[in-house]
Amino acid sequence: MPVSPGYVSREAVTNLWRNRLMTVAAILTVAVSLALVGSSLLLKQGASKATVQWQNGVQAIVWVNPGASPTQVSSIGTELDQYPYIKHCIARSQAYDYNEAKAILPADESGVTTLADYPSSFRCALNDPSQATAVYQQFVGKPGIKTVSYPGQQIKTMQSVIRILQWVFLSVAVVLLLSASVLILNTIRMAIFARRREVSVMKLVGATNWFIRLPFMAEGLIQGLLGAAVAVLVVLSLYWGIGLDTARTAANQGNIIAQMSLGGWEVAGTCILVALVGVVVGVVGSAFAVRRFLDV
Amino acid sequence: MIKFQNVTKTYKGSTVALNDCSVEIDKGEFVFLVGPSGSGKTTFIRLLLREELPDSGRIWEAGKEIGHIAKWRIPYLRRNIGCVFQDFSLLPNKTVFENVAFALEVIGRPKHVIAAQVPQVLDLVGLTKKRDNLPHELSGGEQQRVAVARAFVNRPLILLADEPTGNLDPTTSLGIMRLLDRINRTGTTVIIATHDAGMVDQMRRRVIELDRGLLVRDQAHGVYGIDSATAAAGAGSPTGSMAGHAPTGASAGGFPDSLATRT
């Protein structure tokens, strides 16, 4: 026997209203936990975007001793060209590096060195940023080379900070999702208790099990969906609020938020996922309550 | 219609509720199930509703062996069985009409069927004027009439009543019995578990007596207690031949005259 959707939704809404305080509590818990899930997903996506951006900009810089002979310098240049993971290298003169240092470093630091002390360098763009370490190991200590520098450490630190944040977010979200399920289970249990007479009459006159179950499950579904809707609003306001929708431009290279910028589709995907988790939490919580307390 | 074959049911840690009980009830019969508390009457009813399964033995109901019915088909079995209880089990926040209509709604009957059948059955139980009252605005007898109407609105093959008059005074009880008798005349098999000796004695219908789970008496036109009245009734055909139990027409039941004139 098909169960009329009109009947199911009417019953579910009546039940929710009768039990509105618990309903609000359940919806809010779902909302908070799903908002955390959504934001951590957003953060993760933004972080991996930004990491890719930073890594593409990674350069290994081979600093050449100021005293190195021209032969040494040219042999370093030839060797650098041999490695497949090095895209190309640009040789910079002592004067260029000295002027750059003067521009970047504070006066008291750049003032202590002279042009003659300053190393010249090879600025090497890499095919794969993760090979920066290999370049370091390959060249550091070779004759004529002062040192090799690359920003790998900073990126690693950034990545691990983001990873830790993500884990914290996710574990808090999982705990909250569990408590949301339990709250939904409890509201359904109270609804079942409030209607136990009705349920027993329904069983007696031959209502099918699904006819009895569905309104309660719909109730859980509605709670999950409403909670998810609130969470989606939170995720969207986070997206627009902190400016994750800003397009990346040359001008905002230094802006970390702009580097994490996400497209509309990625945010839509996150929202859909949040809604789905809300549905699952609602249905699972209520299905469990129905199985456990309805005995049909 | 109903057949128990060597049915035994024991509850955990207690005595035997039904012990090797064999009985047959034909279509259209009117049967009293009597015996002291704990004799197995309610277990008998619960087995028929398939709320319990027997430990051993077999039960047929409406042509099906109910031990073999899949769990999801139980609701469909129950649609053939109307049920009335001592506590009426009405829904307090629904009107008389809604209470009766509820039985049809939950089995998915369309609105026009409900609109046609509910007034009919309310007329049968004499509550047409009270259709918009809530249960607490009715007397006990009226509430039980609503319960009977709800049990009968789906035109079940069998109507079970567990102490239907247990909460009612004798006069009101007579009214309910009269109603059940009238329902029986439509061809519905009626089984009533009761303590109400006066009622059983007046009605002179088939009596099945249980005592500590044992079927101790099955009598065609019996009375409540086993005493001299049994002989006086002259119809003490013991267990067995059901041929004597013709489907109850108006003539079959010795309906007391006092009831026939009562409204």
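Descriptive notes on the structure:
- Test for A:Pro84: is it in contact (Cβ under 8 Å) with a residue 24 or more places away in the chain and out of contact with any helix residue (DSSP H, G or I) (no Cβ under 9 Å at 6 or more places or on another chain): yes
- Residues of region A:100-155 satisfying the condition of being surrounded by fewer than 11 Cβ atoms within 10 Å (Cβ to Cβ) and among the charged types (D, E, K, R): A:Asp108
- Taking region A:178-296 as the region of interest, the helices (runs of 4 or more DSSP H) fully inside it that hold 1 or more residues being touching a Pro at 6+ places or on another chain (Cβ under 9 Å) and over 28 Å from A:Val32 (Cβ atoms) are A:196-204, A:209-241.
- Enumeration of residues in region B:194-207 that are farther than 19 Å from B:Leu179 by Cβ and crowded, with 23+ Cβ neighbours inside 10 Å: B:Val207
- Failed condition for B:Ala62, given (1) within 30 Å of B:Lys130 (Cβ to Cβ); (2) within 14 Å of another protein chain (Cβ to nearest Cβ): (1)
- Being farther than 27 Å from B:Arg185 by Cα and at the interface with chain A (Cβ under 9 Å from one of its Cβ atoms) is a property that B:Glu105 lacks.
- When B:Lys64, B:Lys9, B:Lys71 are checked against the criterion of being on the phi < 0 side of the Ramachandran plot and in contact (Cβ under 8 Å) with a residue 24 or more places away in the chain, B:Lys9 stands alone in meeting it.
- In region A:156-170, the residues that are under 24 Å from A:Ala132 (Cα atoms) and surrounded by 12 or more Cβ atoms within 10 Å (Cβ to Cβ): A:Met158, A:Gln159, A:Ile162, A:Arg163
- Which listed residue, of B:Leu214, B:Leu210, B:Leu180, B:Leu168, is surrounded by fewer than 19 Cβ atoms within 10 Å (Cβ to Cβ) and either out of contact with any Lys or Arg (no Cβ under 7 Å at 6 or more places or on another chain) or modelled with pLDDT of 85 or more (or both): B:Leu214
- Just one residue in the set B:Asn80, B:Asn93 is of a type outside the set (Asp, Glu), within 14 Å of chain A (Cβ to nearest Cβ) and within 21 Å of B:Thr186 (Cα to Cα); that residue is B:Asn80.
- Qualifying position, being within 14 Å of chain B (Cβ to nearest Cβ) and not small (Gly, Ala, Ser), among A:Met158, A:Met217, A:Met190, A:Met202: A:Met202
- Test result for B:Arg204, in contact with a His (Cβ under 6 Å, 6 or more places away or on another chain) and without any contact (Cβ under 8 Å) to a residue 60 or more places away in the chain: yes
- Wholly within region B:1-74, strands (runs of 3 or more DSSP E) carrying at least 2 residues that are small (Gly, Ala, Ser): B:16-25, B:56-61
- So B:Pro54, is it farther than 23 Å from B:Arg178 by Cα and at pLDDT 90 or above: yes
The values are calculated or read from the model by the stated rules, or taken from the named source; none is laboratory data. Please read these numbers as outputs of a predicted model, since none were measured by experiment. All Cβ positions, glycine included, derive from the backbone under ideal geometry; neighbour counts span all protein chains shown.
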